[in-house]
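Enquirer: Just dropping this structure here.
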Amino acid sequence: MSHRRFTSKDAALTINYIGFVYRSLVAEGYSGDALLHGTGLSGGDLLNPDFRCTFEQHKAFVLNAIALTGDPHLGPRMAARFNPLNIGLPASAAFSSDVFATALDVLRQFVSLNFSILSFDYVQEGEELIIRWQPAVDVSDIEYFVVGSSIVVTENFWKLLLAEDQITLFAELALPEPEGWAEFAPELNFPIRFNAPFSRVVMPAHYLDKPLSGTDPVLHQNMLRLCERQRAETFFEEGLDAKLRKLIAQRHYQSLPIEQAAAYLGLSERSLRRQLSDAGSSYKKVLDEERQSRAKELLAVSGLPISTIAYDLGFSDPSNFSRSFKRWLGLSPADYREQLIQGVKTDQ
């Protein structure tokens, strides 16, 4: 079967989570018709395991639900009640893995099959395990709902995988603090810091080697085969934007020539340029955004000299990096780092 990368207007998103939210709110007495108003969806659609909705429909439903309930924290609040095993085959394949690192690799490969609005990636940095969720399309209008839900589901799933009632993690979000956060925060089992320079979940790296309680090598291989089969039968692939951002991260944020990036993605340079242009983006824009995000992260948490960060990101010399950084944020890397330090002191 031929595959193509989906856009916000393609019927490519599974309804696992929004179907759960819809059923939960209807059970609480909210009007199903009001929840689905203007979405083009029906209650039957959200009960159909084969149904796929567009991101535009997904967004319209989420905005309806938040407006109807008056709850800006609806996404993470509902996520706390969502059984993460309902993600489907990828969750089963992860749950039957031998150790936590294997489960993370499974999710990195397959979670988009049944949780397709985001892609998942992780990296070990010293004693820290850094987990990131990358939106497959532009989710800016409902970013707190999407990312907040994902982080809460992640924490619940990790507790199931690791067979622990409480695990050590914290989250940072590059989002403004939502209204009423101080009242809602105690409902979560872990801290979230808003207005961060980048979004991530951090936990101790020692979890990577921990054996999982649900390990079953035979079941694991069967689940992987089913995941592969489901991926082969899926008409849509992960979004081009998410694939490109993953590639840039895997290439250590170096300035990969566009023709090489296109080749890695199985495209011609012309096709890559056209598809990005059709989505209102460009290769330079995506590369700049990813390098900017990584630079902000390294300046905030690594303690590396600015010259080392510049070379790590593929800049020919620190002055080029400084000029780019100032173009991105309007201040130098040194000033940005100092601003962060002063902000930490103020928080304390």
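The values are calculated or read from the model by the stated rules, or taken from the named source; none is laboratory data. For clarity, every value in this text was computed on a predicted model and none was experimentally measured. Note that we place each Cβ from the backbone using ideal geometry, even for glycine, and neighbour counts take in every protein chain shown.
Enquirer: Can you go through Phe115, Phe95, Phe120 and tell me which one is of a type in the set (A, V, I, L, M, F, W, C), in contact with a strand residue (DSSP E or B) (Cβ under 7 Å, 6 or more places away or on another chain) and assigned by TED's automatic domain parsing to the domain that holds Ile167? Even if it seems obvious, please write down each step before you answer.
Expert: Details: Phe115 fails: in contact with a strand residue (DSSP E or B) (Cβ under 7 Å, 6 or more places away or on another chain); Phe95 fails: in contact with a strand residue (DSSP E or B) (Cβ under 7 Å, 6 or more places away or on another chain).
The unique qualifying residue is Phe120.
Enquirer: Also, I was wondering about something else. Tell me yes or no: at least one residue of segment 210-217 is polar (S, T, N, Q), modelled with pLDDT of 90 or more, surrounded by 15 or more Cβ atoms within 10 Å (Cβ to Cβ) and in contact with a helix residue (DSSP H, G or I) (Cβ under 9 Å, 6 or more places away or on another chain). Walk me through how you get there before you give the answer.
Expert: First, pick out the residues of segment 210-217 that are polar (S, T, N, Q): 213, 215.
In the following step, the residues that additionally are modelled with pLDDT of 90 or more were identified as 215.
Among the residues that remain, those that are also surrounded by 15 or more Cβ atoms within 10 Å (Cβ to Cβ) are: 215.
From what's left, in contact with a helix residue (DSSP H, G or I) (Cβ under 9 Å, 6 or more places away or on another chain): 215.
Yes, segment 210-217 contains at least one residue that is polar (S, T, N, Q), modelled with pLDDT of 90 or more, surrounded by 15 or more Cβ atoms within 10 Å (Cβ to Cβ) and in contact with a helix residue (DSSP H, G or I) (Cβ under 9 Å, 6 or more places away or on another chain).
Enquirer: Are any residues in segment 145-177 in a loop (DSSP other than H, G, I, E, B) and under 19 Å from the mean Cα position of the chain (by Cα), and if so, which ones? Quick ask: steps written out before the conclusion?
Expert: Residues of segment 145-177 that are in a loop (DSSP other than H, G, I, E, B), as a first pass: 163-169, 173-177.
Hits for segment 145-177 are Leu169, Leu173, Ala174, Leu175, Pro176, Glu177.
Enquirer: In segment 37-75, which residue that is of a type in the set (Asp, Glu) and closer than 19 Å to Ser116 by Cβ is nearest to the chain's Cα centre (by Cα)? Walk me through it before giving the result.
Expert: Of the residues in segment 37-75, the ones of a type in the set (Asp, Glu) are 45, 50, 56, 71.
The next check asks that each one be closer than 19 Å to Ser116 by Cβ; those that pass are 45, 50, 56.
Details: Asp45: 25, Asp50: 23, Glu56: 18 Å.
Taking the candidates together, the pick is Glu56.
Enquirer: For the condition part of a helix (DSSP H, G or I), of a type in the set (Gly, Ala, Ser) and touching a strand residue (DSSP E or B) at 6+ places or on another chain (Cβ under 8 Å), what is the one hit in Ala232, Ala249?
Expert: On the way: Ala232 fails: touching a strand residue (DSSP E or B) at 6+ places or on another chain (Cβ under 8 Å).
Exactly one of Ala232, Ala249 is part of a helix (DSSP H, G or I), of a type in the set (Gly, Ala, Ser) and touching a strand residue (DSSP E or B) at 6+ places or on another chain (Cβ under 8 Å), namely Ala249.
Enquirer: Quick check, is Arg225 at pLDDT 90 or above and more than 21 Å from the chain's Cα centre (by Cα)?
Expert: On the way: at pLDDT 90 or above: yes; more than 21 Å from the chain's Cα centre (by Cα): yes.
When the stated conditions are applied, Arg225 passes them.
Enquirer: Do we find a residue being more than 22 Å from Leu340 (Cα to Cα) and either of a type in the set (A, V, I, L, M, F, W, C) or out of contact with any Leu (no Cβ under 9 Å at 6 or more places or on another chain) (or both) anywhere in segment 191-201? Break it down stepwise before answering.
Expert: So in segment 191-201, the residues more than 22 Å from Leu340 (Cα to Cα) come out as none.
Looking for residues that are more than 22 Å from Leu340 (Cα to Cα) and either of a type in the set (A, V, I, L, M, F, W, C) or out of contact with any Leu (no Cβ under 9 Å at 6 or more places or on another chain) (or both), one finds none in segment 191-201, hence no.
Enquirer: Which of the residues belonging to segment 250-261 are free of Cβ contacts under 8 Å to residues at least 40 places away in the same chain and either within 23 Å of Tyr122 (Cα to Cα) or under 23 Å from the mean Cα position of the chain (by Cα) (or both)?
Expert: Kept after step one, since they are free of Cβ contacts under 8 Å to residues at least 40 places away in the same chain, are these residues of segment 250-261: 250-251, 256-261.
Answer for segment 250-261, where residues must be free of Cβ contacts under 8 Å to residues at least 40 places away in the same chain and either within 23 Å of Tyr122 (Cα to Cα) or under 23 Å from the mean Cα position of the chain (by Cα) (or both): Gln250, Arg251, Leu256, Ala261.
Enquirer: Please go through segment 101-144 and give me each residue that is aliphatic (A, V, I, L, M), assigned to a helix (DSSP H, G or I) and touching a Lys or Arg at 6+ places or on another chain (Cβ under 8 Å), ordered by number. Quick ask: steps written out before the conclusion?
Expert: At the first step, the residues of segment 101-144 found to be aliphatic (A, V, I, L, M) are 101, 103-104, 106-107, 111, 113, 117-118, 123, 129-131, 136-137, 139, 142.
Those still in the list that are assigned to a helix (DSSP H, G or I) too: 101, 103-104, 106-107, 111, 113, 142.
Hits for segment 101-144 are Leu113, Ile142.
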